[in-house]
1. Residues being part of a helix (DSSP H, G or I) and open to solvent by 40 Å² or more (accessible area, probe 1.4 Å): count how many of those fall in segment 176-195.
2. Could you please find all residues in segment 146-175 being of a type outside the set (Lys, Arg), part of a helix (DSSP H, G or I) and open to solvent by 10 Å² or more (accessible area, probe 1.4 Å)?
3. Identify the residue in segment 8-36 that is of a type in the set (Asp, Glu) and closer than 24 Å to Ala185 by Cβ and, among all such residues, is least open to solvent (accessible area, probe 1.4 Å).
4. Can we say Leu128 is aliphatic (A, V, I, L, M), surrounded by fewer than 20 Cβ atoms within 10 Å (Cβ to Cβ) and out of contact with any Ser or Thr (no Cβ under 9 Å at 6 or more places or on another chain)?
5. If you check Ala50 against the conditions, is it modelled with pLDDT of 95 or more, hydrophobic (A, V, I, L, M, F, W, C), within 25 Å of Arg182 (Cα to Cα) and surrounded by 14 or more Cβ atoms within 10 Å (Cβ to Cβ)?
6. Confirm whether Pro135 is outside any helix (DSSP H, G or I) and either without any contact (Cβ under 8 Å) to a residue 60 or more places away in the chain or open to solvent by less than 70 Å² (accessible area, probe 1.4 Å) (or both).
7. Can you tell me which of (1) under 21 Å from Leu194 (Cβ atoms); (2) open to solvent by less than 20 Å² (accessible area, probe 1.4 Å) is the one Ala76 doesn't meet?
Amino acid sequence: MSGTGAGDLFARYCLPGGRYKKLLSVSFMRTDREQEFEFARAMMDDSRQASTSDLEQLLRGDWREILTACWLIGYAQRRDFRDELYRLIEEGNVRRTGKGIAFALARFCQPSDMHALRQYLECSLRELQNRGNQPWFLGALLHIERRLGVVTSEDLLAPEGLWDRWSAVGFLETADPSHWEREVAGWIELAESLD
């Protein structure tokens, strides 16, 4: 491990330009195209510079550090962190970090990522009062399905199925699953434009 302290890593990766706030709200996707690319370029540059030790330390931090680490992992396509992301999902540690996890797994875009997202949704959509990252996880799942040409979500999206019941209980921008797929696809396309 490097001698870099947790505070240094937080200042280096989470704070510039209010980064963790923009990642939490995904507000960087609601700016003009030039600002989107500027934000994404900075993320890509940092993701390539972040060492394994830096990312490991960030993943042991608070939600702001974990969220930022997940996005950096996704930008750099650091598949060596896949098991750590799966662990976060299994432990239910996704309250404020879910968008980052969804982004990273959608960016990895492998069958195992699809199955991890589906497994999370199967459990969390049954908890109707659990309002959080389900739309982003669904968007990531649908994105991977489309890219791989495989469908595993039919039962989740069946009329009166888990998604319909969950989305009917509380406020949601839209219950249309394709909306959430387009949202996640936009994140992925922005990152891919810099590969």
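The values are calculated or read from the model by the stated rules, or taken from the named source; none is laboratory data. Note that the structure is a prediction, hence the values are computed from the model and not measured. All Cβ positions, glycine included, derive from the backbone under ideal geometry; neighbour counts span all protein chains shown. When the accessible area is computed, the model is the full protein with side chains, heavy atoms only, and any ligands, DNA or RNA have been set aside. Shrake-Rupley method; radii C 1.70, N 1.55, O 1.52, S 1.80 Å.
1. So in segment 176-195, the residues part of a helix (DSSP H, G or I) come out as 177-192.
Filter again for open to solvent by 40 Å² or more (accessible area, probe 1.4 Å), leaving 178, 182-183, 189, 192.
Looking only at that region, the number is 5.
2. Kept after step one, since they are of a type outside the set (Lys, Arg), are these residues of segment 146-175: 148-164, 166-175.
With part of a helix (DSSP H, G or I) added as a condition, the list becomes 148, 162-164, 166-169.
Hits for segment 146-175 are Leu148, Leu162, Asp164, Ser167, Ala168, Val169.
3. Glu36
4. Working: aliphatic (A, V, I, L, M): yes; surrounded by fewer than 20 Cβ atoms within 10 Å (Cβ to Cβ): yes; out of contact with any Ser or Thr (no Cβ under 9 Å at 6 or more places or on another chain): yes.
For Leu128, the condition - aliphatic (A, V, I, L, M), surrounded by fewer than 20 Cβ atoms within 10 Å (Cβ to Cβ) and out of contact with any Ser or Thr (no Cβ under 9 Å at 6 or more places or on another chain) - is met.
5. Numbers: modelled with pLDDT of 95 or more: yes; hydrophobic (A, V, I, L, M, F, W, C): yes; within 25 Å of Arg182 (Cα to Cα): no; surrounded by 14 or more Cβ atoms within 10 Å (Cβ to Cβ): yes.
When the stated conditions are applied, Ala50 does not pass them.
6. Working: outside any helix (DSSP H, G or I): no; either without any contact (Cβ under 8 Å) to a residue 60 or more places away in the chain or open to solvent by less than 70 Å² (accessible area, probe 1.4 Å) (or both): yes.
No, not satisfied.
7. (2)
For every residue, the table says whether it meets (1) in a helix (DSSP H, G or I); (2) in contact (Cβ under 8 Å) with a residue 60 or more places away in the chain.
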residue: Glu56; (1), (2): yes, no
residue: Gly61; (1), (2): no, no
residue: Arg64; (1), (2): yes, no
residue: Thr68; (1), (2): yes, no
residue: Trp71; (1), (2): yes, no
residue: Asp80; (1), (2): yes, no
residue: Glu84; (1), (2): yes, no
residue: Gly92; (1), (2): no, no
residue: Arg96; (1), (2): no, yes
